[in-house]
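Comments concern the structure below.
Throughout, read-outs are computed from the coordinates displayed, never taken from laboratory work. Only a predicted model underlies this, so the values are computations on that prediction, with no experimental measurement involved. Note that we place each Cβ from the backbone using ideal geometry, even for glycine, and neighbour counts take in every protein chain shown.
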Amino acid sequence: MMVMGQTRKLLALLAFVLGIAIVPHRVCEREADAWFDGEPARVDALAAQVAEWTKTDLMPRDFVTGSSRFDGEWQFGTYMMAAMGFGQVVLERPERREESLARMERCLDMALSRDVRAFDTSAWSEDALDALDGPRGHAAYLGYAGVALGLHRNLRTSSHFSELHDRIVAALVRRLDAAPAGFLETYPGEVYPVDNAAVFAAIALHARALGRPVPAVFTRGLAALRDKGVDRTTGLLVQAVRFEDGSPRDRARASGTALAAYFLGFADEPMSSALHRALAKEQFRTVLGFGAMLEYAPGSSGRADIDSGPTPFGFGVSATGFALGTSRMHGDRETFSALYATAHLFGAPFDENGTRTHTTGGPLGDAILFAMMTAPQKGRIT
Amino acid sequence: MKASLPRKSIGILVASILILLLDEALVRAMAHGHVAHVLLGAGSGTPPLGAALLALALVVVRVLAVVAVPGALLMSAVGFAAHYFVGGGGSADSTSTGYSTGASIGVRGTQ
């Protein structure tokens with residue numbers, strides 16, 4: 001009987017371990033294939049929720065980062081990512097074109113509004129859109145807005161955004177041409193390669209929409225990004241560089257790399273693919289089948305910040321979310337599924353009345369996941 | 001042999017169901033909240049205590065519900081199966097045999 005008791009104990013323990021190892025990630029990734037393949041029912045439910053969020057005017061006070069600049073960035077980011085998601089739905093689902101374009105245009109109108117761009121105005125002491133003829137960077141605001149406007153222009157060649165879109169891209173090209181190291185500043189004295197990746201995507205999408213070749217500065221800028229922005233050891237993107245010479249001010253990190261890989265998917269597929277491969281090779285880990293991206297390169301550690309989000313055990317929330325997009329873009333179903341399982345676990349999706357919201361996501365989380373999980377697969381845009 | 005059900009397996013089953021219900025309730029209650037902003041903004045400032053606690057509770061309960069409960073349910077099932085096919089030795093069951101005083105007494109009593 002003693003042996004039987006021990007056998008029962010062992011069986012119970014084995015059952016517990018098996019239950020933990022086999023069941024949870026499979027339960028959480030059960031919808032991953034549907035998202036990867038763009039199943040309409042999934043996409044429509046999240047699109048409906050994001051449309052609900054962006055139908056009302058989000059205020060900076062809806063975001064509680066502890067910094068008015070970051071609150072403003074997140075407000076802008078919500079509209080921008082939502083616009084990307086709606087635009088990407090049009091790429092995959094022509095039958096939803098008019099509804100999705102209307103939703104996208106609502107987001108673009110909000111992203112371009114004076115109130116929403118106030119965070120950038122405050123940082124620069126000048127309004128990005130009023131100062132388009134000036135020399136100063138505004139890389140994040142103009143770059144991110146330019147990407148969304150560029151995607152929209154590829155879907156609707158002529159609209160009330162066209163003139164402003166032309167002026168934004170012209171300003172970015174001119175400023176990039178004058179930049180000493182090939183990088184534009186996001187804020188005075190602050191240069192982030194990931195924001196410059198958005199600038200390149202904005203320029204590329206504009207050229208494609210108008211059927212023009214990309215300007216020479218685009219090629220030079222991409223070369224600068226590749227030479228100075230990419231860490232040679234890991235292949236990851238450096239998080240921050242100096243304006244004057246492009247030398248690194250921060251380490252290579254996964255959050256910037258993943259978001260840049262997403263943006264560059266609209267501009268330069270080989271570089272986007274190289275960044276995704278670096279992420280998959282260097283940063284991707286699974287724990288009990290749940291996938292996540294380490295924020296810092298293996299062997300190094302660092303603080304969590306507004307870019308990384310929390311980094312429990314070194315895993316970056318932002319990097320993991322953005323990598324969903326690059327995985328889908330580059331046809332990496334296995335990585336996508338493992339990352340999706342984690343997003344499902346910690347995002348805590350909740351379905352109601354034909355909508356899906358991520359309980360721990362709120363407007364920004366839903367908008368980012370919407371953009372990432374509908375990121376265009378190769379051939380859809382490039 | 002089957003005079004009483006395996007108490008520990010029942011306990012695990014009930015606890016698992018309670019955790020699942022709590023997870024469902026928390027997810028539902030917080031579905032329209034802005035918990036993400038607390039979580040994502042943690043790097044740049046101190047989040048409000050109440051919101052942080054709510055967020056933490058959801059994360060802990062959810063990890064338990066999604067990761068631990070399947071293992072616990074399987075363990076409980078093994079306990080019920082062992083009790084049904086082999087017998088519990090009084091009130092003992094597979095999961096309690098090795099863990100509880102009652103189970104040990106049951107084993108001794110048969111020797």
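Among the chymotrypsin sites (Phe, Trp or Tyr not before Pro) in region A:101-187, none sits in a DSSP loop with a Cβ that has at most 15 other Cβ atoms within 10 Å.
Please give the calculated 222 nm ellipticity per residue for chain A, where each DSSP H segment of at least 4 residues contributes -39500 (n - 2.57) and the sum is spread over every residue; nearest 500 deg cm²/dmol? The partial results should precede the final answer.
Numbers: 15 runs with 217 residues, N = 382.
Helix contribution divided over all residues of chain A: -18500 deg cm²/dmol.
Only Cα pairs under 8 Å and 6+ residues apart enter the sum, and on that basis the relative contact order of region A:156-278 stands at 26 percent. For trypsin sites (Lys or Arg not before Pro), the sites in region A:255-319 that DSSP calls loop and that have at most 11 other Cβ atoms within 10 Å are A:303.
With +1 on the Cβ of every Lys and Arg and -1 on the Cβ of every Asp and Glu, and nothing else charged, how large is the dipole of chain A about its Cα centre, in debye rounded to the nearest 20? Walk me through the numbers before you get to the answer.
Numbers: 40 positive and 45 negative charges, 207 e Å.
Dipole of chain A, to the nearest 20 debye: 1000 debye.
Between residue A:7 and residue A:41, the contour length at 0.36 nm per residue exceeds the Cα-Cα span by 7.5 nm. Mean projected area of the Cα convex hull of region A:1-145, taken over all directions, amounts to 14.1 nm².
With Cα atoms defining each centre, region A:172-245 and region A:1-59 are spaced 39 Å apart in the structure.
In this simple spin-label approximation, residue B:60 and residue A:226 carry label points 7 Å from Cα along the Cα→Cβ vector, and these lie 5.1 nm apart.
Each listed q (0.15 Å⁻¹) maps to a log10 I(q)/I(0) for region A:197-246, found by the Debye formula over equal Cα scatterers with no solvent: -0.47. Net length available on complete extension from residue A:353 to residue A:244 is 34.0 nm, with 0.36 nm assigned per residue and the Cα-Cα distance removed.
Here is the size of the protein assembly as shown from its Cα atoms: Rg then Dmax, 25.8, 93 Å.
Per residue, how big is the convex hull of region A:303-382 when only Cα atoms are used? Give it in Å³. Before the final figure, lay out the partial values.
Numbers: hull volume 8.9 nm³, N = 80.
Convex hull of Cα atoms, per residue: 111 Å³.
Test of understanding: extend the Cα→C-beta vector of residue A:170 to 7 Å, then name every residue of region A:142-163 with backbone N under 14 Å from that spot. It comes to A:162-163, nothing else.
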